[in-house]
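Shown below is the structure under consideration.
The values are calculated or read from the model by the stated rules, or taken from the named source; none is laboratory data. Just so we're clear, the structure is a prediction, and the values are computed from it rather than from any experiment. Because the Cβ atoms are built from the backbone with ideal geometry, glycine has one as well, and the counts that use them run over all protein chains shown. These accessible areas exclude ligands, DNA and RNA; they are computed on the full protein's heavy atoms, side chains included. Shrake-Rupley method; radii C 1.70, N 1.55, O 1.52, S 1.80 Å.
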Amino acid sequence: MSEAYDRAWQASIADPNAFWGAAAQAVDWINPPASTYSEAQGWFPGGTLNTAHNCLDRHVAAGRGGAIALIHDSPVTGLIRHFSYAELLEESGRVAAMLASLGVGKFDRVIIYMPMIPETVFAMLACARLGAIHSVVFGGFAPLELAKRIDDATPKVLLTASCGIEGNRTIAYKPMVDEALALAQHQVDHVVVCQRERQQADLGGARDTDWHALRAATAADPMPEAVAVGAADPLYILYTSGTTGTPKGVVRENGGHAVALAWSMQNIYGIGAGDVFWAASDVGWVVGHSYIVYAPLLVGATTVLFEGKPVGTPDPGTFWRVIERHGVKTFFTAPTAIRAIRKEDPDAAHLAAIGTGTCQAVFLAGERADPDTISWLEEKSGLPVIDHWWQTELGWPAIASCFALGDLRRKRGSAGFPVPGYAFAILDEGGQPLPEGQSGAVAIKAPLAPGAFRTLWNNHSGYAKNFATYAGYYETGDAGFIDEDGFVHIMGRTDDIINVAGHRLSTGQMEQIVASADGVAECAVIGADDAIKGMVPIAFVVPRAGFEHDETIGPRVIAAVRAELGAVAALRTAYVAGGLPKTRSGKILRNLLRKIVNGEEWTTPPTIEDPAVPDRLQALVQRHEVV
Ligand code: COA
Ligand code: AMP
């Protein structure tokens, strides 16, 4: 038991206004908030601030301009670049001037479809400076997904780069942007392309603008002022998978976000000014937004932007090398990355040779951390490995061991304890709290802590649905239980969302794509266990009459998912079957399919329409007749 954690959690629940009011002191407000919370206006009503000012200007003004803010470590290009706070302020100010010259102002949207390069961070901070709303789209998404986001966010400008570097492959981004704009209804005024040495893009289009040329052309423009925005005004929109094919645009507010992230750095991760923090994620995901870009800079720390993979860039020692080289104090990654490293270096020879320098702890999130992976890493590194849980919707961890509050309690298989600000309940189908040890829906008492979403872009009713099932609670979509020691265990999702290599995807969305392929009568896509990626999607396809002998069906549905959703979906297996296991009322028994592909014990449900189907599917899977 940690007294400091206990005190903080109790205080946050007993008097959230006092707790978050005190935490809000860590932020420079232009107008201090009139109060801490109001049902109608959310957190810090009346407060105005600028997030970029809080990340940059104030540290420079305080005399810390020479301290390192950002390290770009890119084993795929061989480059390591350092940017001090003064330099990062200047660079992001230049991009703000570029955007301003294109007419971007307060509340305009800017889509950022870019790889892990410093310009991406400059761009996010530039938008924040202007009070514009950025929406970063992960590079692994296909043009159609980008188009959906363009149509929903209706941006004025789209920022991109000529290419991304994925391991030893170069991926041209500009043709994907062109394709997305051809698919989208909404059209941007400008596409600004950051040309990279590795591969240049063709800038033939009328709205195409060269990033570096625009920077030179606006070099004499004054740096735009950091615009005052309201605490509840949006800083960014981040699209995440929902249960339909339409992505959900999670809206992050400026005020609660700054307060919560600053609090989390100090109290969860133990990071303050001058410390080096590294989140090995991608800026396209919420972890990248919060813990590569905003949180470390809010507290004046150094953040590492890593352009590489855990393995193959160049070897499974790359993580330890980055940690050691830059003096990383707290490290954050996804369990899948550790599993990938372990597969290639089971004895951790690289880790033994390189060490972990002054690193004090490793945090894992994004998917369930299997106990075996945690044990391996704790044993090989000698560091505490702390699983913690959160979601795009929340923006920062809600279940963790608050390491920096002296809480090092860990139980393998559990993500830890409720973080201050969050009160959890495990509810049954009727919304009644379940006793300790019993599994149910994981719910969080409303209102959510600062930083958590308060709406979805263009879809407030979609947001409200999260609070509709259980009165007074936010439905997380996860299932789990709280054990006798108070540890929260997350067991999986209650909907069709799966986590593939830490990437959140919807099997329902994949099913829609598969179902519309030529010759498909019906289909199901489920998440199967995978030793490296945690989960991978598997498709079952039933051909329409006349297509039973069409051997292209499997490859075609795989290609369709890649083309429409993106490479990140990683659908590589499609079983072509004579029928799916269904109840007599026509419901596909996806759980049964999951058990069959996972090689788990299963029984034939009494409600099944055709009891012969599961055996036939099991035989198919055992023969591994994949396409
Ligand atoms: N731009 C373009 N394509 C991308 C991309 C990007 N930013 N990120 C991934 N892709 C592509 C990959 O190249 C791959 O394509 P392929 O099918 O042609 O090989 C596909 O999307 C799947 O990528 P990924 O899931 O990353 O698999 P991988 O086999 O390349 O690597 C791991 C496996 C485990 C090493 C990798 O997934 C990893 O590092 N995961 C950690 C994830 C993470 O940090 N998540 C954040 C949550 S906290
Ligand atoms: P994302 O919004 O991409 O961060 O994904 C959020 C989802 O990932 C959660 O709802 C969980 O299902 C899963 N998740 C994240 N962290 C963990 C964790 N530590 N343990 C188990 N599941 C997790």
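Size of the dipole of segment 200-346 about the Cα centre, Lys and Arg at +1 and Asp and Glu at -1 on the beta carbon, nothing else charged, in debye to 20?
Details: 11 positive and 14 negative charges, 104 e Å.
In debye, rounded to 20, segment 200-346 gives about 500.
Next up: P(r) tail for segment 166-302, what percent of Cα pairs lie past 25 Å? It would help to have the intermediate numbers written out before the result.
Working: 4672 of 9316 pairs.
Cα-Cα pairs in segment 166-302 separated by more than 25 Å: 50 percent.
For the chain, what does -39500 (n - 2.57) per DSSP helix run (n ≥ 4), summed and divided by total residues, give at 222 nm, in deg cm²/dmol to the nearest 500?
On the way: 18 runs with 176 residues, N = 627.
Calculated from helices alone, the mean residue ellipticity at 222 nm is -8000 deg cm²/dmol.
For Glu609, what residues show an amide H to amide H distance below 5 Å, using hydrogens built from the backbone and excluding near sequence neighbours?
Lys582, Thr583, Arg584
I've got another one for you. Can you work out the base-10 log of I(q)/I(0) for segment 90-220 at q = 0.10, 0.17, 0.20 1/Å, using the Debye formula on its C-alpha atoms alone?
-0.27, -0.82, -1.16
Quick one: compute the contact order of the chain, relative version, from alpha carbon pairs under 8 angstrom and 6+ residues apart, as a percent.
Numbers: 1417 pairs, mean separation 73.7, N = 627.
In percent, rounded to a whole number, it is 12.
Output the relative contact order of segment 380-456, whole-number percent, from Cα pairs under 8 angstrom with separation of 6+ residues.
Details: 103 pairs, mean separation 19.6, N = 77.
In percent, rounded to a whole number, it is 25.
Quick check: at a probe of 1.4 Å, how many percent of the accessible area of the chain sits on carbon and sulfur atoms?
Working: 11690 of 23030 Å².
Heavy-atom surface of the chain belonging to carbon and sulfur, 1.4 Å probe: 51 percent.
Also, I was wondering about something else. Count neighbours as other Cβ atoms within 10 Å of each site's Cβ, and list the chymotrypsin sites (Phe, Trp or Tyr not before Pro) in segment 83-147 that are DSSP loop with at most 15 such neighbours.
Values: sites: Phe83, Tyr85, Phe107, Tyr113, Phe122, Phe138, Phe141; in loops: Phe107, Phe138, Phe141.
The qualifying sites are Phe107.
Classify segment 407-522: rounded, prolate or oblate, from the alpha-carbon gyration tensor (a ≥ b ≥ c, eigenvalue square roots; a/c under 1.5 rounded; otherwise prolate if a/b is larger than b/c)? It would help to have the intermediate numbers written out before the result.
Numbers: a/c = 1.98, a/b = 1.53, b/c = 1.30.
Prolate, since a/c reaches 1.5 and a/b exceeds b/c.
Over 43 Å apart: what share of the alpha carbon pairs of the chain falls there, rounded to a whole percent? Could you put the intermediate results ahead of the total?
Numbers: 38092 of 196251 pairs.
The proportion of pairs with Cα distances above 43 Å equals 19 percent.
Starting from segment 466-573, pick out the GluC sites (Glu not before Pro) whose DSSP state is loop and whose Cβ has at most 16 other Cβ atoms within 10 Å. Present the calculation step by step, with values, prior to reporting the outcome.
Working: sites: Glu475, Glu484, Glu511, Glu522, Glu548, Glu551, Glu564; in loops: Glu484, Glu548, Glu551.
In loop regions of segment 466-573 (DSSP not H, G, I, E or B), the sparsely surrounded GluC sites (Glu not before Pro) are Glu484, Glu548, Glu551.
While we're on this one: Given the Cα atoms of segment 501-622, and with Rh set as the inverse mean 1/r over their pairs in the Kirkwood sense, what is Rg to Rh to two decimals? Display every interim value, and only then the final one.
Numbers: Rg = 13.9 Å, Rh = 14.7 Å.
Rounded to two decimals, Rg/Rh equals 0.95.
Could you sort 494-501, 39-46 so that the peptide with the highest average Cβ count within 10 Å comes first and the rest follow in order? Could the numbers behind the result be given before it?
Details: 494-501: 20.4, 39-46: 18.0.
Ranking the peptides 494-501, 39-46 by packing returns 494-501, 39-46.
What residue among Leu593, Gly534, Pro555 has its Cα farthest toward the positive end of the dipole of segment 501-622, where the charges are +1 on Lys, Arg and -1 on Asp, Glu, each on the Cβ?
The listed residue farthest towards the positive side: Gly534.
A further question follows. Can you tell me the Rg and Dmax of segment 491-545, counting just the alpha carbons, in angstroms?
For segment 491-545, the Cα-based Rg and Dmax read 12.2, 40 Å.
Convex hull volume of the Cα atoms in segment 159-246, per residue, in Å³?
Values: hull volume 16.3 nm³, N = 88.
Convex hull of Cα atoms, per residue: 185 Å³.
Normalised by the number of residues in segment 161-293, what is the relative contact order in percent for Cα pairs under 8 Å and 6+ residues apart? Numbers along the way, then the final one.
Working: 133 pairs, mean separation 17.7, N = 133.
This gives 13 percent for segment 161-293.
Could you give the alpha-carbon Rg of segment 265-306 over 2.2 N^0.38 Å, rounded to two decimals? Show your work: numbers first, answer last.
Numbers: Rg = 9.2 Å, N = 42, 2.2 N^0.38 = 9.1 Å.
Compared with the compact-globule rule of thumb, segment 265-306 sits at 1.01.
Percent of Cα-Cα pairs more than 11 Å apart in segment 415-454, please.
The proportion of pairs with Cα distances above 11 Å equals 67 percent.
Suppose all protein chains stay in the model; what accessible area per residue would a 1.4 Å probe give for the chain, in Å²? Can you show the working numbers first?
Details: 23030 Å² over 627 residues.
With all protein chains present, the chain gives 37 Å² per residue.
For segment 26-66 and segment 196-258, what is the separation of their Cα centres, given in Å?
Between the Cα centre of segment 26-66 and that of segment 196-258, the gap is 21 Å.
Just name one of Ala612, Gly502, Tyr236: the one whose Cα is farthest towards the positive end of the charge dipole of the chain (beta-carbon charges, Lys/Arg +1, Asp/Glu -1).
Selected residue: Tyr236.
Right, next: Can you pull the three principal axis extents for the Cα set of segment 284-373, in Å, largest first?
Computed over segment 284-373, the largest-to-smallest principal extents equal 38, 28, 23 Å.
Charges at C-beta only: +1 for Lys and Arg, -1 for Asp and Glu. How large is the resulting dipole of the chain about its Cα centre, in Debye rounded to 20?
On the way: 50 positive and 68 negative charges, 94 e Å.
Dipole about the Cα centre, nearest 20: 440 debye.
Here's something else I'd like to know. Compare Thr455, Thr604 by solvent-accessible area with a 1.4 Å probe and give them largest first, with all protein chains kept in place. Intermediate values should be presented prior to the final figure.
Values: Thr455 40, Thr604 60 Å².
Per-residue accessible area, sorted high to low, gives Thr604, Thr455.
A follow-up question, please. So how far, in whole Å, is the C-alpha centre of segment 357-382 from the one of segment 499-546?
Using only Cα atoms, the two centres lie 30 Å from each other.
Heavy atoms only, 1.4 Å probe, whole protein assembly: order Thr607, Thr246 by accessible area, highest first.
Working: Thr607 65, Thr246 95 Å².
Order by accessible area, largest first: Thr246, Thr607.
Please identify every one of the chymotrypsin sites (Phe, Trp or Tyr not before Pro) in segment 254-315 that sits in a loop by DSSP and has no more than 16 other beta carbons within 10 Å of its own beta carbon.
Working: sites: Trp263, Tyr269, Phe277, Trp278, Trp285, Tyr291, Tyr294, Phe306; in loops: Trp285.
Taking segment 254-315 and a limit of 16 other Cβ atoms within 10 Å, no loop chymotrypsin sites (Phe, Trp or Tyr not before Pro) are found.
Continuing with this model, one more query. Based on the alpha-carbon gyration tensor of segment 237-302, what equivalent-ellipsoid semi-axes (square roots of 5 times the eigenvalues) come out, in whole Å, largest first?
Details: eigenvalues 127, 33, 15 Å².
The answer is 25, 13, 9 Å, longest axis first.
Based on Cβ point charges of +1 for Lys and Arg and -1 for Asp and Glu, what charge dipole magnitude is obtained for segment 501-622 about its Cα centre, in debye rounded to the nearest 20? Present the calculation step by step, with values, prior to reporting the outcome.
Working: 13 positive and 14 negative charges, 66 e Å.
Roughly 320 debye for segment 501-622.
Compare the Cα positions of Gly566, Gly519, Trp602 along the charge dipole of segment 501-622 (+1 at Cβ of Lys, Arg; -1 at Cβ of Asp, Glu; about the Cα centre) and return the one farthest towards the positive end.
Gly566
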